[in-house]
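Working notes, beginning with the structure itself.
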């Protein structure tokens, strides 16, 4: 099973984010766009694991988020990794709140206790909206920085759980299923 830990957003917010990106998609750049129903914030990618490990993952996730209260997460401002001149991933940012940083760190430590490798780079909370297609040319992204800056989106999502998600890859793109939802305190 291919698993990851995520923060999911309300369906209505995902739809509004998808609509906010319509002008960017209309540019017809070589990008594989993430469907509205799949938009989320990845906290930790676990990879291919045996189904029998899910109870341990759930237990460590519950311990990691213990004491974390539900919070409001601002989502705004678009960008690209590594840069808009040489993009691989297009994204909308999530504010780097202390509660989110602490949650991420706690999940990292909890999963490392289960022998999942710690992330080797700083946490940059974001929602991936598109991935650049293989073989894309630098010239395909001329003006991308300007186009990203013209997008208008700002919402605060109520974050009430952290979820263990399954990703099933297919020719039609991935499908995600929530296997475990770990609620945050009120």
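Semi-axes of the equivalent ellipsoid of the chain: what are they in whole Å, largest first, if each equals the square root of 5 times a C-alpha gyration tensor eigenvalue?
Values: eigenvalues 167, 69, 46 Å².
The three semi-axes for the chain are 29, 19, 15 Å.
Would you look at the GNM of the chain, springs on alpha carbons closer than 10 Å, and say which of 168, 65, 43 moves the most?
Per the Cα network of the chain with a 10 Å cutoff, 168 tops the list.
Taking the alpha-carbon centroid of each part, what is the distance from the range 83-119 to the range 42-72 in angstrom?
Spelled out, the Cα-based centre of one part sits 14 Å from the other.
Using only the alpha carbons of the range 90-186, determine the length spanned along each of the three principal axes and report them from longest to shortest in whole angstroms.
Dimensions of the range 90-186 along the principal axes of its Cα atoms: 45, 32, 26 Å.
Between 79, 120, 67, find the one with the highest GNM mean-square fluctuation for the chain; connect C-alpha pairs within less than 10 Å.
Result: 120 has the largest fluctuation of those listed.
Rounded to the nearest 500, what is the 222 nm mean residue ellipticity of the chain from helices alone, with -39500 (n - 2.57) per DSSP H run of 4+ residues and division by all residues? Before the final figure, lay out the partial values.
Numbers: 5 runs with 48 residues, N = 186.
Roughly -7500 deg cm²/dmol at 222 nm, from the helical runs in the chain.
When the chain is fully extended, how far beyond the present Cα-Cα distance does residue 63 get from residue 140, taking 0.36 nm per residue of separation?
Details: separation 77, 0.36 × 77 = 27.72 nm, distance 4.56 nm.
Taking 0.36 nm per residue and subtracting the Cα distance, the gain is 23.2 nm.
Translational diffusion coefficient of the range 9-71 at 20 °C, 1.002 mPa s, Stokes-Einstein with Kirkwood Rh over Cα pairs, in µm²/s as a whole number. Please report the intermediate quantities before stating the final value.
Numbers: Rh = 15.0 Å.
Calculated translational D: 143 µm²/s.
Working from the pairwise distances between different alpha carbons, so that the mean of 1/r is found and then inverted, what is the range 85-146's Kirkwood radius in Å?
14.2
Given the options 86, 126, 40, which has the most mean-square fluctuation in a GNM of the chain, springs set between C-alpha atoms less than 10 angstrom apart?
Of 86, 126, 40, the most mobile in the Gaussian network model is 86.
With an 8 Å cut-off on Cα pairs and a minimum separation of 6 or more residues, tell me the relative contact order of the chain in percent. Provide the component values of the computation, followed by the final result.
Working: 337 pairs, mean separation 64.6, N = 186.
It rounds to 35 percent for the chain.
Each value in this text was obtained by applying a stated rule to the coordinates, not by laboratory testing. This structure is a prediction, so every number in the text was calculated from the model and none was measured.
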